[in-house]
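What follows is a short report on a single structure.
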Amino acid sequence: MCGIAGFVLDRRERTKQEFEGIREDFATLLAATEVRGRDAAGAFVFTPGKTTYYHKQPGPASRMVMQPAFWALLDTITSETVGVVGHTRWATHGSPKDNANNHPLLVGPIIGVHNGVVANYRELAQQVGATTQVDSEVIFRLLRRHANGHMRPRAVRRALARVNGGFAIAFADMRSKSIWLARNHMPLAIGKDKERGVLWFASLPELLRLILGSDAEVRMLKPYCGYEVTRDNCLNGLAGFSLVYVGKVQRWNRGYLVGNGKAR
């Protein structure tokens, strides 16, 4: 298992102090998410039309969030930023000592993170020309291929239909203005911070409650669904689209078994 953590901002104006509070909460959330993986950590800031900055390194997130490079990354957040996505890694394929295997993964205009294991990654790696050892890379290469220049729900559905195994993903296509979330049986939860205009997401609901409060309304995203999250719909009107093709759910569920036979 790995961990995903991040947020999407709505369009309201924010003070310097408000941005600082959001940055600090993201650092808290990402550090807490290392319960799902301590082999590596990383994050990216997505601002459409601007350079997409990212940082990743071997080792736990609690170490990364103490380093100047991490805060320099978060300092690139502006009033035009859509959101930030972070990852904590429990390595399964590809050594975390080789930073190319760590997340976020950059494939052309696609940048993203993945929790899960791709059971058929060797086959897919040959088909899509993967360049790293990490199985997750094939997902983002498939997304790039099926997007064909413009990311749509149909492209996400077709790309993920090629994957056998478990996934929860968060990614951006730098040609668009959205952050995309999707999951099959792997966990991914959301929580709304309406006071500050932030949609938070993380692998587990209890992680979100660390920053939103114990009484916060958080929920798991629907399984086998994808979501295009924008600054306009992040707090209102967020609707998912089905990822399911006939027979695909069974192959997803057969593809990833860990520990005592349960997907995590």
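Only the coordinates and a few stated rules stand behind these numbers; no lab work does. Everything quoted here is computed from the prediction, not taken from an experiment. FYI the Cβ positions are ideal-geometry reconstructions off the backbone, even for glycines, and counts take in every protein chain you see.
Checked against a 20 Å cut-off, the cross-linked pairs LYS50/LYS97; LYS16/LYS177; LYS50/LYS177; LYS56/LYS177 give Cα-Cα distances beyond that limit for LYS50/LYS97; LYS16/LYS177; LYS56/LYS177. Between the beta carbons of ASN120 and GLU217, assuming R0 = 45 Å, the FRET efficiency works out to 0.75 to the nearest 0.05.
Length gained on full extension, HIS150 to GLN67: 26.3 nm, using 0.36 nm per residue less the C-alpha separation. Only one of (1) 53; (2) 26; (3) 39 was calculated from the structure for percent of Cα pairs over 28 Å apart, and its label is (2). Neighbour counts of other Cβ atoms within 10 Å put LYS222, LYS97 in the fewest-to-most order LYS97, LYS222. Between HIS93 and LYS16, the contour length at 0.36 nm per residue exceeds the Cα-Cα span by 23.7 nm. Normalised by the number of residues in the chain, the average gap of Cα pairs under 8 Å and 6 or more apart makes the relative contact order 21 percent.
Per-peptide packing, taken as the mean over residues of other Cβ atoms within 10 Å, places 30-41, 139-150, 59-70 in the sequence 30-41, 139-150, 59-70 from highest down.
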